[in-house]
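Since every read-out is calculated from the coordinates, none of them should be taken as a lab result. This structure is a prediction, so every number in the text was calculated from the model and none was measured. Ideal geometry is used to build each Cβ from the backbone, glycine not excepted, and the neighbour counts take in all protein chains shown.
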Amino acid sequence: MDMQPIAAREGNHNLKDYEKARQSFDWEDVKKEFSWYETGKVNAAYETIDRHAENPAKKDQTALIYSSPDREETLTFHELKTMSNQFANVLKKHHVQKGDRVFLFMPRSPEFYASFFGILKVGAIAGPLFEAFMEQAVRDRLDDSGASMLITTPELLERVPQEELPELKKIVLVGYNEESDEKYIDYFHEMEQASEEFEIEWVDLEDGMLLHYTSGSTGKPKGVYHVHNAMIQHYATGNWVLDLKQDDIYWCTADPGWVTGTSYGIFAPWLNGVTNVIRGGRFTADSWYETIAKNNVTVWYTAPTALRKLVSAGEQTAKKYDLSSLRHVLSVGEPLNPEVITWGVKAFDLRIHDTWWMTETGAMLIVNLPDMDIRPGSMGKPIPGVEAAIIDNEGNELPPNQMGNLAIKQGWPSMMRAIWKNPGKYESYFINGWYVSGDSAYKDEDGYFWFQGRLDDVINTSGERVGPFEVESKLIEHPAVSEAGVIGKPDPERGEIIKAFITLNEGYEASDELVEDIRKFVKTGLSAHAAPREIEVKDTIPKTRSGKIMRRLLKSWELGLPTGDTSTLEE
Ligand code: ATP
Ligand code: MG
């Protein structure tokens, strides 16, 4: 993209000189900031919550501001510590042990967070499931993980096919207040009786903490296993990239069913001791702006799909709200279209910082730091302590500006330690000491990385390799286009042709003239070979429940092929 870089500004974080920090970096120095570095007693729940609760200056600070359409509540660090202690006692009473998988299938709520930390406090592994999952998705994940306990609500229990899950021995129900029996444990009833004191199960940094299933954009979701050691990177990136300081009010829009909702919805903010806004309910532009304005959110971490919807809702919607509290905005999950960044400067007078990482990587790897120039369309540069490169299929590094596999040198703290019950799959990520992401990208002469698409999505047309992201970004710059998904469609002559699926902004009608105008717009703005030969206007574009465009579905529908795993497809 030939857009002007957006100049850096001063950040609060303790990484003032990126180049220098990279050269002299040692993860060992970050470890010194944790209490376990001196005490030897490790548990991420302790570092995230209890440590603040034991600090007189922080104990009564609001840790969580919860709001959903029918409930508003706040919890201090002290209260969160107490509630999670109580829940840890409930788990202990019901014989949950270190290493057991305890899954959560419930909406975001104060009980969710108390349960989550309770699970970590007994040394068990937490497995959060997105509340909108239907029966098949719930079954697959509980079965694969061998979960022995599930925490859910009476309403959601209907989507849990218990008879097909022999390993699932106990179910905690959050909803009634009744006596428990052998199998069904009543959350509120047991919490009332549970002691507020709990002796945390101290674990090893390499002990299991989380089992997260991936988004399912490219196929069947994988069970990604993370250990307590990941907290090192959650903490550091919370400081460097989210730019968090003690009095920030932070909002991460992701559900904890996805890795962003745990790494950056739970660990990073609370490890850094900030107030964390948690919001249930669905997206509308107005309700999201309202959340920022009402809570005076200062740092906001969200996703391109939401930002694109805000762009569609127009600047006039943004101007209705007082968003002056915002000082730092970030994005993850999909490529961030340059158009959205330009709009962000206009609408909020702020830069939007793209960050790249994956469920498997556990935390951010390639980012736009607050005091780095942003090149719109680029994911930024690797954080200190991380080495990234573009490699070919044999594991050789490619020169600048050449598209290839985006790969990371093994050895960052939050790296997954296994794909659950699938060592072969785990091994398949690695070549020559590189972790291969499955994304395709290039690196420019100045070390900025540019995402091109999923490896499988890169289009080969008349001998040219075209990344769908570039085409999609150009398409949505057209005033009529709201969202775009681009695929390669087999063609006898050209290998593949580019086909675009688009949705239109309000006020536009599909017509041959409009489609031709959009095609010309890409042709003159980008290049002739990247202009879609076919453009189809649709009412919606298929997305995962975490908001990612599912190109593989567009492709299988187009070609009349089987659709594969659709458990994460949004309705
Ligand atoms: P699955 O692995 O099940 O197919 P998924 O890859 O979408 O699903 P996640 O781990 O949630 O599951 O997402 C990681 C992927 O998201 C990355 O591999 C990349 O393709 C995309 N992604 C994340 N952040 C960015 C970003 N900033 N720019 C471009 N792509 C991104
Ligand atoms: Mg993936």
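Quick notes on this one:
- When the range 150-191 is reduced to its Cα atoms, the Kirkwood hydrodynamic radius in Å: 10.5
- ³J(HN,Hα), Karplus 6.51/-1.76/1.60, whole Hz, each residue of the range 123-134, x for Gly, Pro: x, 7, 9, 8, x, x, 10, 5, 4, 8, 4, 9
- A protection proxy built from the mean count of other Cβ atoms within 10 Å ranks the segments 298-305, 130-137, most packed first, as 298-305, 130-137.
- Length-normalised contact order for the range 18-442 - Cα pairs under 8 Å, 6+ apart - percent: 14
- When both the range 241-314 and the range 528-549 are represented by their alpha-carbon centers, they are found 26 Å apart.
- Sites residue 182 and residue 41, calculated FRET efficiency, Cβ-Cβ separation with R0 30 Å, nearest 0.05: 0.30
- Neighbour counts of other Cβ atoms within 10 Å put 529, 328 in the fewest-to-most order 529, 328.
- Calculated [222 nm] ellipticity per residue, helices only, for the chain: -7500 deg cm²/dmol; basis is -39500 (n - 2.57) per DSSP H run with n ≥ 4, divided by all residues, nearest 500.
- When each of the peptides 263-270, 504-511, 79-86 is scored by the mean number of other C-beta atoms lying within 10 Å of its residues, the order from highest to lowest reads 263-270, 79-86, 504-511.
- Here the Kirkwood formula puts the hydrodynamic radius of the chain at 24.5 Å, using every distinct Cα pair.
- Cα-based Lys pair tally, the range 458-559, threshold under 12 Å, eight or more apart or on separate chains: 5
- Charge dipole (the chain, unit charges on Cβ, about Cα centre) - positive-most of 230, 399, 154: 399
- Peptides 315-327, 407-419 ordered by average Cβ neighbours within 10 Å, highest first: 407-419, 315-327
- Here the label points at residue 491 and residue 309, each 7 Å from Cα along the C-beta direction, are separated by 3.4 nm in the simple model.
- Averaging 1/r over every pair of different alpha carbons in the range 458-559 and inverting the result gives a Kirkwood radius of 13.6 Å.
- Size-normalised alpha-carbon gyration radius of the range 356-445, reference 2.2 N^0.38 Å: 1.10
- Members of 41/421; 16/425; 309/346; 81/222 lying beyond 27 Å, as alpha-carbon distances in this model show: 41/421; 16/425; 81/222
- Database remark: amide H of residue 353 closer than 5 angstrom to the amide H of 329, 330, 331 (H placed geometrically; neighbours at sequence offset of 5 or more, or on other chains; Pro and chain starts carry no H).
- Across the range 414-425, coupling constants 3J(HN,Hα) worked out from phi with the 6.51/-1.76/1.60 Karplus curve, θ = phi - 60°, read 8, 4, 4, 9, 6, 9, 3, 6, 8, x, x, 4 Hz, and Gly and Pro carry x.
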